Amino acid sequence: MEPRRVYGKSHWYHETQSRAQHSDVMPLVPEAAHVDDRFLLDLTLPDALYSANQRWLRLARTFAQTLFPDAVTVSRLRTFSAYDRLSTALTVAQVTGVQRLCNHYAARLAPLPGPDSSRESNHRLAQITQYARQLASSPSVITPRERQQLDEVGLTAHDIILINQVVGFVGFQARVIAILQAQLGFPVRWIPGMPVQEDADADRFQSESAPWHTDFVSTVPHQANTTQGDVLARWQHVPELTSLADALIAEETLLEGLGELIDALTFAHPLQPLASLIPARINGSASCFHYYSGQWQGANGLPDAVRNGEHAIQAWSHHHPCERAVAQATQLLTRAPDRFSAAQLTPLAEQGLSVPDAITLLAWSALCGWLNRLRIALSSAQQVA
């Protein structure tokens, strides 16, 4: 998978054709591989801003180190190599368009030896790349059939958990970096012609869905080891992880990290359900949407407006300027994080949201996008996710 530069675009791309030797391949920004903080990628924050968000930022950094270690040992049960993880991360970074991520993952991927050049390896890599791009850019198109295609090219249950966690986490990372760069006043440098994520079909939300469930089994509950049992006991009753924890438990360290992030970013704010509804509607997670519709305690009609789309939200929010500011910010953050700027933060401040509250609300919205993708990717064939 040889990185290449497309003329006229300050953006990294990579091919699905594998390459065994990478000694002649150099990333555009090789120093981007060497960072002290693998979550913020050495984005420097003022002390006050870092202190206000220190707990969850540290947890996110730990998650990044767990997901992307310097060396990965593969086995019969875990075939997802360091190359697979970083090439998947680069695919997601490209979808988001956030340059800092593209530079970092391209620089880390470039020197790694790829899989052999056999037809089977190329097909496996192409399938992984296609799945990651679809889940990152248009999650509502993912069905159990796409998951079955991963199984057909040799991915194990552990691998399938990993690829979904990589896609979810890197999408979260991109959006957090976009939020913080906007707070610091960085100029937006998005690429003309980059697509904006389209909203999921409204039909997915027209009726109350049954409780979310999955037919994906990573570990049979009675076969879980002691550590897995402890992690399940801690997190399976958290609303965001209900039923989902059972599907993720084979990679218990990642489930523990995700649960801790949910706990760190959850806070009692009346607008938090709105920050959750917007990504659920855009991404196509009906189960998340219906749950947060029930959590909304504000003015009547908001969940229906979000369900009915952009024009309905604009009409409803005409007399609710604070909700409008949050909706507009989370919409752009979800659809096109590379275009997110200080212009989306200013209305939040004008409506009285403090900087810590605004950052936490938006980071929570980004985390919801991760959870939306996990529920969509691992849902059973009999229901809308």
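For the peptides 334-347, 63-76, the ranking by packing is 334-347, 63-76, with the highest mean count of neighbouring Cβ atoms within 10 Å listed first.
Across all directions of projection, what mean area in square nanometres is found for the Cα convex hull of the chain? Walk me through the numbers before you get to the answer.
Numbers: hull surface 73.8 nm².
For the chain, the mean projected area of the Cα convex hull comes to 18.5 nm².
Pair-distance distribution of the range 115-219: all C-alpha pairs, bin width 5 Å, starting at 0; shares per bin in whole percent are 2, 9, 14, 18, 18, 15, 12, 8, 4, 0.
For the range 146-161, putting each phi into the Karplus relation 6.51 cos²θ - 1.76 cosθ + 1.60 with θ = phi - 60° gives couplings of 5, 5, 4, 5, 5, 4, 5, 9, x, 6, 8, 4, 4, 4, 5, 4 Hz, in residue order, rounded to whole numbers and with x for Gly and Pro. Spin-label model, R61/N300: points 7 Å from Cα along the beta carbon direction are separated by 4.9 nm. Applying 1/(1 + (r/R0)^6) with r as the Cβ-Cβ distance of D199 and S243 and R0 = 22 angstrom yields a FRET efficiency of 0.30. The listed peptides 365-375, 234-244, ordered by packing as a protection proxy, come out as 365-375, 234-244 (highest mean of other Cβ atoms within 10 Å first). Here the range 75-93 and the range 154-228 have alpha carbon centers that stand 16 Å from each other.
Across all directions, the average flat footprint of the convex hull enclosing the Cα atoms of the range 161-301 is 11.1 nm².
Kirkwood Rh over Cα pairs of the range 54-155 into Stokes-Einstein at 10 °C, 1.306 mPa s: D in µm²/s?
Numbers: Rh = 14.9 Å.
My calculation gives 107 µm²/s for D.
Using every pair of distinct Cα positions in the range 124-166, the Kirkwood expression returns a hydrodynamic radius of 10.2 angstrom.
Computed from phi, the 3J(HN,Hα) profile of the range 271-284 under the Karplus parametrisation 6.51, -1.76, 1.60 (θ = phi - 60°) reads 8, 4, x, 5, 5, 8, 5, 4, x, 4, 5, 5, 6, x Hz, with x in place of Gly and Pro. Radius of gyration (Cα atoms) of the range 50-111, expressed as a multiple of 2.2 N^0.38 Å: 1.28.
Measuring nothing but alpha carbons in the range 240-385 and taking Rh as the Kirkwood radius, the Rg to Rh ratio lands at 0.97.
When only alpha carbons are used to place a centre, the range 106-150 and the range 241-259 end up 22 Å from one another.
Bear in mind that the values in this text are calculations on the coordinates, not laboratory data. What you are looking at is a predicted structure, and each value in this text was computed from that prediction instead of being measured. Counting neighbours? That spans all protein chains shown, and the Cβs are built from the backbone with ideal geometry, glycine included.
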